[in-house]
Structure formats: C-alpha cells, structure tokens
Amino acid sequence: MTYTGNAPLEVLSLGAGVQSTTLLIMAMNGEIKKPDEIIFADTGNEPKAVYEHLEYLKSICPFKIGVVQWDNIVNWHLNSKYFILPVFTSGGGQLRRQCTDHFKLKPIRRYLVQKYGRRFKANMMIGFSADEMNRRRISNKAWQTNIYPLIEKNMSREDCKNYLKEHGIQVPGKSSCVVCPFHSPKYWREFKAKYPDEYDEACKFDDKIRNLKFTKYNYYVCNIRRPLRDIDWGNPQLIMFEDMSQECTGICGT
C-alpha cells in the first residue's frame, strides 16, 4: 500500500505500560484520534507481565495491534562487538543510549515503509504523562512528529491509573526492558522481591558483560557499578545512588 493522503498518519507507540494503555483506551472510547496504526516494538526483553498485558489488550481492542521486532536486545548485545545500551562503565562513565532508535523507532519505521511506502509522514502518539514533561523531545526524523496527548490533557501517571480503573481496565506495571540501565536501585530492589526469576535473568546478562574483548572497561547494568547479583539491596547507604539515577529520554516506560 502506498500512502497518498495529505494528512499524516496517526501512529500510537504502544509500550503496554500505564500511559500508552491509557492512550489506547482513550482511542477506543473516541476521546483522542483513532490511530491508523498501533505498534508495539518488541525488544524481546520486556517483563513477562508486559507480554501478558499486551495479549490482554489485543483481546479487548477492536483495532489491530501490530508487533514489530528488530532483534532480541540481550542476544544481540552478547553477540555484538559494540554496545548501544547505556550501560555503566568501570571508568565512571555511561555509554550513550542508542537502543531506543535501533530497537523501537527503526522497527516501527520499517513496518510503516513496508506498508505505506517511503513518502509518508506520521504523528507519533507517545504516552508521556504530565509529570514527565521533561521527557518530551522534538523528533529528529523528517517523517515523524511527536505528539503527547496525555500532556495536552494534563494527565499524570496517577491520573492514568485512575482512568483505567474507572473504565474497568487492568492497570499494568512499568514497561521497560528487564536489563535497562536506567532502572533505579529502588526499582531493582522491588523487582528482585517480586520477580526473582526475571531478576536472575538480568543478573546473568550483567555477569556476561564484564571482560569483553572490545573494551578495556567492565560494564554494569546498575549505576552502583557492582555485579547485580552481589548487591545487598537492604544496605541503607544505597540511597545515595537513588539520587544519581536517570530517566530514559526515549519512548520506553510508557
């Protein structure tokens, strides 16, 4: 199909978290524009609960939800000669985040090109809420204009949770890769307690990113810069690393 319309496509970037789920339900209720495309970009490393919620959304949504994937983000890194995850280094630095572009935006773009040709424009509906205004970005892609309906409606993440409850919709957890380096110590502590098996998978990945041949530094998924499995989350001194935690400026976590 070649896109011949004058108006840009309306594309909902579905992360299957609280905010993008709210956008989907609003679209179903006619409270925002109906998307031409609803796309979940799968990194292959979302928590199990996210995949379960995605299937739930497919079961209640009258619109098609497309799923795209470039590769499994864990397997790709373990077989690559460089890193695009913003992992922390033993030298005190942090690698530049490139994972959103490779594992989220490019697969979405590829899907749209295959369906509409190369000359389309798109409004990308992103589920940043009013308490995340600092995450807004002007797209550097000529084809893409980012729009933020929740910010326009002044809806916070808590407002989104209440909206979902009021409409009888399951409230999901946070959508983000299990091995995301932007997780705070608080997140890791709670994740280990709630999902020990998935936490162990993160530890296994973390174990494997030391002593890599292509770098003189050791890499870590947590800003504490110690092996994830060795960190004592009950240590009160770890609170200092909470203040050092950063938030992803990509489209994850929605």
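Enter the angle in degrees (range 0 to 90, nearest 10) between the Cα long axis of helix 18-28 and the first principal axis of the Cα atoms of the chain, meaning the one along which they spread out most. In the chain, helix 18-28 runs at an angle near 10 degrees to the longest axis. With the simple spin-label model, which puts each label point 7 Å out from Cα in the Cβ direction, the ASP232 to ASN154 separation comes to 4.8 nm. The angle between the Cα long axis of helix 106-116 and the longest principal axis of the Cα atoms of the chain comes to about 20 degrees, rounded to the nearest 10. Counted over segment 9-244, the DSSP beta bridges are approximately 15% antiparallel. The share of Cα pairs per 5 Å bin across segment 86-212, counted from zero up to the longest distance, runs 2, 8, 13, 15, 17, 17, 15, 9, 4, 1, 0 percent. Placing a pseudo-label 7 Å from each Cα along the Cα-to-Cβ vector at LYS34 and LYS216 gives an inter-label distance of 6.0 nm. For segment 17-97, the C-alpha radius of gyration divided by 2.2 N^0.38 Å, with N the number of residues, is 1.43. Taking the C-alpha atoms only, the angle from helix 185-194 to the longest principal axis of the chain is near 80 degrees.
If you wrap the Cα atoms of segment 9-244 in a convex hull and average its projected area over all directions, you get 13.6 nm².
In this structure, the residue pairs whose Cα-Cα separation is over 28 Å, taken from LYS81/LYS115; LYS48/LYS141; LYS58/LYS165, are LYS81/LYS115; LYS48/LYS141.
For the chain, adding -39500 (n - 2.57) for each run of n ≥ 4 DSSP H residues and dividing by the number of residues yields -9500 deg cm²/dmol at 222 nm. The calculated pair-distance distribution of segment 152-192 uses every alpha carbon pair, bins of 10 angstrom beginning at 0, and gives 23, 36, 36, 5 percent.
Residue exposure proxy: MET125, MET133, MET28, MET155, ordered by other Cβ atoms within 10 angstrom of their Cβ from fewest to most, comes out as MET133, MET28, MET155, MET125. Were the residues from TYR82 through TYR56 laid out at 0.36 nm apart, the gain over their Cα-Cα distance would be 5.8 nm.
Quick note: the coordinates plus some simple rules give every number you see, no bench work behind them. Computed from a prediction, not measured in an experiment: that's the story for all the values here. Reconstructed Cβ throughout: ideal geometry from the backbone, glycine too, with neighbour counts over all protein chains shown.
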